[in-house]
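Q: Take this structure, written in structure tokens, and hold onto it; I'll ask about it next.
Read-outs throughout are calculated quantities, based only on the coordinates presented, and are distinct from any laboratory measurement. Quantities reported herein were computed from a predicted structural model and do not represent experimental measurements. Note: ideal-geometry Cβ built from the backbone for every residue, glycine included; neighbour counts use all protein chains shown.
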Amino acid sequence: MDYVSSNFQGKSENYEQVIEISNLRKGFGAQEVLKDVSLQLFKGENLAILGKSGSGKSVLIKCIVGLFDPDYGTIKVFGEDISNLNGEKLGELRKKIGFLFQSGALYDSMTVRQNLEFPLKRIKKNLTKKEMNEKVNEALENVGLADAIDKMPSQLSGGMRKRISLARTIVIDPMIILYDEPTTGLDPATSDEISSLINDVQKKYKTSSLIITHDIECARNTAKRIIMLYNGEVYKEGELRDFEKSDDTLIRSFFK
């Protein structure tokens with residue numbers, strides 16, 4: 001096994017950890033999905049979590065936002081152990097985290113404008129109507145779809161829906177963005193566009209992003225640092241070049 005410990009030394013000690021996961025285990029019945037997973041997300045970086053279906057990637061991010069409780073281990077977000085937070089404090093923490101769902105999860109009965117206004121009304125309650133309009137327009141401009149503001153989701157292509165979902169994610173000014181398979185179901189050209197948008201968002205908003213993907217090109221295009229999960233464990237961690245020069249058969253199956 002071409003395994004590298006999660007105590008990865010490719011980052012400066014001066015980098016601030018915004019997510020720190022230590023010895024995380026999570027199972028469902030007799031099936032252990034995550035087995036002693038440890039990792040860190042640093043402020044201002046894009047980190048890709050790479051792995052095939054069933055490797056535990058989606059369970060990992062659901063644990064991070066408190067949708068699943070760990071069986072063992074700790075998850076700290078901005079230094080706070082989420083298992084120690086009550087419902088109100090966990091809700092406040094979630095306001096700092098944007099989540100791009102694999103399906104996009106747009107509300108089909110709402111226009112694009114209404115889809116973006118929905119989280120704003122819940123999270124940024126003191127905005128005036130003018131301020132809300134400005135934020136919605138800015139988010140749509142940043143994903144290149146300002147003209148789609150009054151369209152219904154059914155009128156959008158798959159790539160456009162992903163862009164609108166990303167706009168809805170960034171409209172609340174999150175400090176962390178969790179991307180769940182952002183390029184799944186998209187053609188190669190549209191996947192490249194979404195990967196470019198992920199980089200643009202990180203640069204513009206200074207977000208820290210965790211990108212869950214089985215798409216090697218998405219990982220290659222968005223993240224300098226990659227963690228590969230296999231059978232619920234950290235199989236390898238390092239920079240892109242560490243993976244590309246590896247002779248490990250499993251890793252080579254991804255990095256052809």
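Q: Under unit Cβ charges (Lys, Arg +1; Asp, Glu -1), what dipole magnitude, rounded to 20 debye, does the chain have relative to its Cα centre?
A: 640
Q: For a bin width of 5 Å, list the pair-distance distribution of the range 161-216 built from all Cα-Cα distances, rounded to whole %.
A: 4, 19, 34, 27, 12, 3
Q: Using just the C-alpha positions of the range 161-256 as equal point scatterers, what log10 of I(q)/I(0) does the Debye formula give at each q in 0.18 1/Å?
A: Log-scaled intensity ratios, in q order: -0.86.
Q: Using the crude model of +1 on Lys and Arg Cβ and -1 on Asp and Glu Cβ, and no other charge, please compute the dipole size for the range 102-173 relative to its Cα centre, in debye to 20.
A: 240
Q: Select from Tyr15, Gln40, Phe118 the residue farthest towards the positive end of the dipole of the chain; place +1 on Cβ of Lys and Arg, -1 on Cβ of Asp and Glu, and compute about the Cα centre.
A: Working it through, the farthest residue towards the positive pole turns out to be Phe118.
Q: Given contacts defined as C-alpha pairs under 8 Å and at least six residues apart, what's the relative contact order of the chain, whole-number percent?
A: 29
Q: If the chain between Arg25 and Gln155 were fully stretched, how many nm would it gain, using 0.36 nm times the residue separation less the Cα-Cα distance?
A: 42.6 nm
Q: Which one of Ser157, Met132, Leu197 is farthest out on the positive end of the charge dipole of the chain, using unit charges on Cβ (Lys, Arg +1; Asp, Glu -1) and the Cα centre as origin?
A: After comparing all options, I get Met132.
Q: Right, next: Can you tell me the alpha carbon radius of gyration of the chain divided by the globular rule-of-thumb value 2.2 N^0.38 Å?
A: Compactness ratio reported: 1.01.
Q: Something else about it: Go through 126-138, 21-33, 59-71 and give me the packing order, highest mean Cβ count within 10 Å leading.
A: In descending order of packing, they fall as 59-71, 21-33, 126-138.
Q: Stretch Lys96-Asp247 to full length: gain in nm at 0.36 nm per residue minus the Cα-Cα span?
A: So the chain would gain 50.4 nm between Lys96 and Asp247.
Q: How high is the relative contact order of the range 102-173, given as a whole-number percent (alpha carbon pairs under 8 Å, six or more residues apart)?
A: Once normalised by length, the contact order is 49 percent.
Q: With a 10 Å radius around each residue's Cβ, average the other Cβ atoms per peptide and rank 219-232, 192-205, highest first.
A: The peptides rank, most packed first, as 219-232, 192-205.
Q: Now a separate question. Toward the positive end of the charge dipole of the chain, about the Cα centre and with charges on Cβ (Lys, Arg +1; Asp, Glu -1), which of Ala167, Ala148, Gln102 goes farthest?
A: Towards the positive end, the residue furthest out is Ala148.
Q: Rg to Rh for the range 102-173: what is it, with Cα atoms only and Rh by Kirkwood?
A: Ratio of gyration radius to Kirkwood radius for the range 102-173: 0.93.
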